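Engineer: Would you mind keeping the following structure in view while I ask a few things?
The values are calculated or read from the model by the stated rules, or taken from the named source; none is laboratory data. Given the structure is predicted, the values throughout are model-derived calculations rather than measurements. Cβ sites come from the backbone with ideal geometry, for glycine too, and all protein chains shown count toward neighbours. Keep in mind that these areas ignore ligands, DNA and RNA; they rest on the heavy atoms of the full protein, side chains included. Shrake-Rupley method; radii C 1.70, N 1.55, O 1.52, S 1.80 Å.
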Amino acid sequence: MDVQFLGGADEVGRSAILVNDRLLLDYGTLTATPPQYPVGNVDPEAVVVSHGHLDHVGAVPALLAGSKRPEIHWTPPTAELARILARDTLKLHGGTMQCPFTGAHVSRIGEVEQRHGYGEPFEAAGHEITFYNAGHIPGSAHVLVDDGETRLLYTADFHTDDTRLLEGSRARPDADVVICESTYAQVSHDERTTVESRFAETARTTMWEGGTVVVPAFAIGRTQELLMVCAAHDLECYVDGMGTEVVSMLRQYPAFLRDADALGRAVRHAREVTGRDGQRRRIANQNTVIVTTSGMLSGGPAMTYISEIRADPINRISLTGYQVEGTPGRELLETGRCELNGGIYPVSAQLELFDFSAHADHKGLRTFLSEYTGSQVLVNHGDSCVAFAEELREDGFAAQAPAVGETVQW
Ligand SMILES: [Zn+2]
């Protein structure tokens with residue numbers, strides 16, 4: 001087997017791995033200005049997609065250019081999320097260099113896609129493939145690839161702990177080679193229950209004091225989890241933005257949720273914002289919680305709410321995910337200022353980052369890998385892949401951290 005890293009190696013973003021020159025695992029984008037894509041001119045027979053995040057699926061429609069029609073294999077939620085993300089990319093950047101495909105490419109997806117559940121082996125480009133729940137977002141999968149000689153396990157993004165929305169990753173199929181993500185290899189998360197309680201307590205305090213709590217949340221996974229947290233802690237809340245579309249879609253695939261009924265109750269508990277900015281301004285002045293995209297303040301209704309509440313220290317902004325460098329959310333955390341409608345404004349509202357992570361931390365990664373002490377480990381998808389591979393080698397693993405463009409063979 002040979003495995004070439006076309007992206008997502010010693011970096012986070014544009015994940016793409018070519019196996020035996022025929023089979024592509026993921027084909028994502030790296031969000032930056034300008035956006036970056038996997039290297040090389042790839043022409044695979046099939047692409048297998050681990051999950052519906054832009055950095056894993058964002059460039060997949062571009063594989064359907066001209067007369068090329070590689071098969072696309074994914075789980076049902078990933079299939080839906082890929083389309084939602086593609087439509088969003090077209091809306092934001094269609095017709096510019098920022099978008100590597102057109103609406104015509106997206107409409108071809110239906111001609112070539114095949115959907116698979118967890119634990120159901122299928123064939124793609126001469127390889128046997130099996131998906132296993134990865135516990136990262138709904139529909140996310142570990143991908144086991146067998147070419148008849150070598151068994152390769154591509155972990156993709158995964159979480160070992162349960163959340164309200166998802167069961168953590170449990171499957172540990174035998175593998176000769178493991179490609180392991182390492183997003184949080186240098187981080188230790190607090191227990192989810194601790195994070196949740198602190199989130200709920202601070203929100204309740206703000207409301208008691210007469211303030212509003214704006215909760216920027218990623219559309220996929222995080223918005224749904226936070227609605228479940230609000231319902232469980234009896235926090236009155238509104239939900240706004242692209243996360244609402246994702247909620248309706250996910251409820252059609254209950255098998256990919258930990259407790260579909262609980263999500264249904266959480267949706268009924270929340271009030272959906274269907275109006276425009278006038279309604280948003282009114283809601284922003286109620287004592288309530290507002291769960292809204294975007295999670296890193298790079299657009300979406302969150303910006304309207306933050307403009308309304310930013311000046312009063314009685315209000316609160318509860319960030320709920322990692323803020324990537326260069327995003328307005330990161331800028332706000334570091335400087336206390338936020339870019340709104342083209343201007344930069346000071347934010348007096350209270351600000352806190354809650355670590356609702358969807359990735360395994362250092363302990364989770366090591367626990368996962370403790371099942372693979374006899375396997376070759378290739379560390380990818382992180383900012384410190386080399387250091388984590390070195391740590392693993394010191395502990396007796398055969399580990400390395402390939403670079404973008406590098407090919408590894410057995
Ligand atoms: Zn992901």
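Engineer: Is the C-alpha gyration tensor of segment 77-198 telling us rounded, prolate or oblate? Criteria: a/c under 1.5 is rounded; beyond that, a/b larger than b/c is prolate, otherwise oblate.
Structural biologist: Here segment 77-198 falls in the oblate category.
Engineer: Please list, by residue number, every one of the trypsin sites (Lys or Arg not before Pro) in segment 269-325 that is coil in DSSP and has at most 12 other beta-carbon atoms within 10 Å.
Structural biologist: Loop-located and lightly packed - 276.
Engineer: Evaluate the Kirkwood expression for the hydrodynamic radius of segment 278-410, namely the inverse of the mean inverse distance over all pairs of different C-alpha atoms, and round to one decimal in Å.
Structural biologist: 17.9 Å
Engineer: Enumerate by residue number the GluC sites (Glu not before Pro) in segment 238-338 meeting two conditions: DSSP loop (anything except H, G, I, E, B), and at most 15 other Cβ atoms within 10 Å of the site's Cβ.
Structural biologist: Here the sparse-neighbourhood loop sites are 325.
Engineer: Quick one: divide the alpha-carbon radius of gyration of the chain by 2.2 N^0.38 Å and tell me what you get.
Structural biologist: Expressed relative to 2.2 N^0.38 Å, the Cα Rg reads 0.97.
Engineer: As an exercise, use a Förster radius of 35 Å and the Cβ-Cβ distance of residue 176 and residue 255 to find the FRET efficiency, rounded to the nearest 0.05.
Structural biologist: 0.70
Engineer: Output needed: Cys residues of the chain lacking any neighbouring Cys C-beta below 4.7 Å, sorted by number.
Structural biologist: 99, 180, 338, 385
Engineer: Something else now. Relative to a virtual label point 7 Å from the Cα of residue 114 in the Cα→beta-carbon direction, which members of segment 149-173 show backbone nitrogen distances below 19 Å?
Structural biologist: In segment 149-173, the label zone of residue 114 (backbone N under 19 Å from the point 7 Å along Cα→Cβ) covers 149, 152, 154.
Engineer: Further question on the same structure: Taking H as built 1.01 Å from N, whose amide H comes closer than 5 Å to the amide H of residue 398, not counting residues under 5 places away?
Structural biologist: Counting only residues 5 or more places away or on other chains, the set is 377.
Engineer: Carbon-plus-sulfur fraction of the accessible area of segment 77-229, 1.4 Å probe, in percent?
Structural biologist: With neighbouring chains kept in place, the figure for segment 77-229 is 46 percent.
Engineer: Treating only the Cβ atoms of Lys and Arg (+1) and Asp and Glu (-1) as charged, compute the dipole magnitude of the chain about its Cα centre; round to the nearest 20 debye.
Structural biologist: Dipole of the chain, to the nearest 20 debye: 1680 debye.
Engineer: Taking the Cβ of residue 170 as the center, what net charge do the other residues with Cβ under 13 Å away carry, scoring Lys and Arg +1 and Asp and Glu -1?
Structural biologist: Net of charged neighbours comes to -2.
Engineer: Which one, 144, 46, 175, is farthest towards the positive end of the dipole of segment 31-176 when Lys and Arg carry +1 and Asp and Glu -1 on their Cβ?
Structural biologist: It is 46, whose Cα lies furthest towards the positive end.
Engineer: Stokes-Einstein at 4 °C, 1.567 mPa s, Kirkwood radius from Cα pairs: D for segment 203-274 in µm² s⁻¹?
Structural biologist: Answer, rounded: 103 µm²/s.
Engineer: Rounded to two decimals, what ratio of Rg to Rh does segment 159-294 give with C-alpha atoms and a Kirkwood Rh?
Structural biologist: Radius of gyration over Kirkwood radius for segment 159-294 works out to 1.03.
Engineer: Further question: Before I look further, what does the chain give for accessible area per residue, probe 1.4 Å, in whole square angstrom?
Structural biologist: 40 Å²
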